[in-house]
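Here the structure is laid out as structure tokens; the discussion comes afterwards.
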């Protein structure tokens with residue numbers, strides 16, 4: 001009792017042995033998660049992916065999104081599998097990895113519909129070549145998600161795809177379906193190319209790849225989410241975010257003949273975490 005009073009008088013927290021054990025358990029669990037995530041990021045299975053780590057910060061990003069082994073995680077539009085090759089080993093055999101792609105029927109125009117329609121097949125064809133072990137893996141167009149999967153997902157992650165959802169017209173459909181897949185305490189993590197807040201409206205409709213952070217927050221919250229965290233993990237102050245050719249001027253696309261683009265590196269990016277409301 002005297003120790004507790006002295007601790008309180010000194011402004012210190014006093015923990016019972018049981019409380020200390022609980023804290024130690026949480027700390028040990030976090031240490032284990034960090035070790036597993038570091039191992040996944042350092043894995044040789046990633047091949048040349050690691051060259052992008054200096055811009056994409058996968059360890060810090062997944063840690064900020066509170067992704068843990070054993071979770072069921074949606075990786076939205078996994079494309080070439082950059083995050084797949086980290087998440088599948090990290091989630092482990094008790095977890096589940098779900099690649100999710102947009103509904104072609106929701107797209108504005110044949111161009112996007114055809115592109116979206118081919119994504120599940122591309123992933124199914126390419127993913128065995130990566131020789132990954134860990135979480136069971138599946139891929140669905142959002143229109144084909146089984147009913148049993150509703151309310152079963154711990155985390156949904158959207159990496160550098162919000163501009164495509166906006167410009168293709170599928171934003172409402174996809175965010176609504178993602179929300180329905182999440183558990184009541186599920187969360188949505190977003191990394192997106194970031195425009196300046198005073199960028200012209202014509203530059204931030206998705207066609208240049210850059211979106212204003214305030215617009216992304218407003219759009220996501222309007223679809224049943226609440227912002228719970230933001231980070232500058234993936235910020236790049238050297239990016240002026242106003243390239244005439246859009247974000248694809250920069251690495252890794254390097255689509256424009258702009259000498260200074262290579263020196264800038266990859267784009268300035270917002271990193272946002274939302275909870276299902």
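A few remarks follow.
- Selected residue (criterion: surrounded by the most Cβ atoms within 10 Å (Cβ to Cβ)) from residues of segment 209-237 that are over 15 Å from the mean Cα position of the chain (by Cα) and closer than 17 Å to residue 57 by Cβ: 236
- Here is the figure for segment 138-191: residues that are in contact with a helix residue (DSSP H, G or I) (Cβ under 7 Å, 6 or more places away or on another chain), in a strand (DSSP E or B) and surrounded by fewer than 23 Cβ atoms within 10 Å (Cβ to Cβ) total 3.
- Residue match in segment 74-81 (condition: in a helix (DSSP H, G or I) and either touching a strand residue (DSSP E or B) at 6+ places or on another chain (Cβ under 8 Å) or touching a residue at least 40 places away in the same chain (Cβ under 8 Å) (or both)): no
- Any chance residue 122 is surrounded by fewer than 19 Cβ atoms within 10 Å (Cβ to Cβ), out of contact with any helix residue (DSSP H, G or I) (no Cβ under 7 Å at 6 or more places or on another chain), free of Cβ contacts under 8 Å to residues at least 40 places away in the same chain and farther than 21 Å from residue 59 by Cβ: yes
- Residues that are free of Cβ contacts under 8 Å to residues at least 24 places away in the same chain and either under 11 Å from the mean Cα position of the chain (by Cα) or over 15 Å from residue 191 (Cβ atoms) (or both) within segment 48-67 comprise 48, 50, 51, listed in sequence order.
- In the condition set (1) at pLDDT 95 or above; (2) surrounded by fewer than 15 Cβ atoms within 10 Å (Cβ to Cβ); (3) farther than 20 Å from residue 159 by Cβ; (4) touching a helix residue (DSSP H, G or I) at 6+ places or on another chain (Cβ under 9 Å), residue 256 is compliant with all but (1).
- Here residue 243 fulfils each of the conditions (1) over 21 Å from the mean Cα position of the chain (by Cα); (2) outside any loop (DSSP other than H, G, I, E, B); (3) surrounded by 15 or more Cβ atoms within 10 Å (Cβ to Cβ) apart from (2).
- Of the residues making up segment 214-232, those that are farther than 16 Å from residue 197 by Cα, in contact with a helix residue (DSSP H, G or I) (Cβ under 9 Å, 6 or more places away or on another chain) and assigned to a helix (DSSP H, G or I) number 1.
- Of all residues in segment 100-122, at least one satisfies being touching a strand residue (DSSP E or B) at 6+ places or on another chain (Cβ under 9 Å), part of a strand (DSSP E or B) and within 29 Å of residue 45 (Cα to Cα).
- Residues of segment 167-183 satisfying the condition of being closer than 18 Å to residue 227 by Cβ and in contact with a strand residue (DSSP E or B) (Cβ under 9 Å, 6 or more places away or on another chain): 175, 178, 179, 182
- Residue 131 falls short on exactly one of the conditions (1) in contact with a helix residue (DSSP H, G or I) (Cβ under 9 Å, 6 or more places away or on another chain); (2) closer than 25 Å to residue 165 by Cβ; (3) surrounded by fewer than 17 Cβ atoms within 10 Å (Cβ to Cβ), and that condition is (2).
The values are calculated or read from the model by the stated rules, or taken from the named source; none is laboratory data. Owing to the predicted nature of the structure, the values given are computational and were not obtained by experimental measurement. Counting neighbours? That spans all protein chains shown, and the Cβs are built from the backbone with ideal geometry, glycine included.
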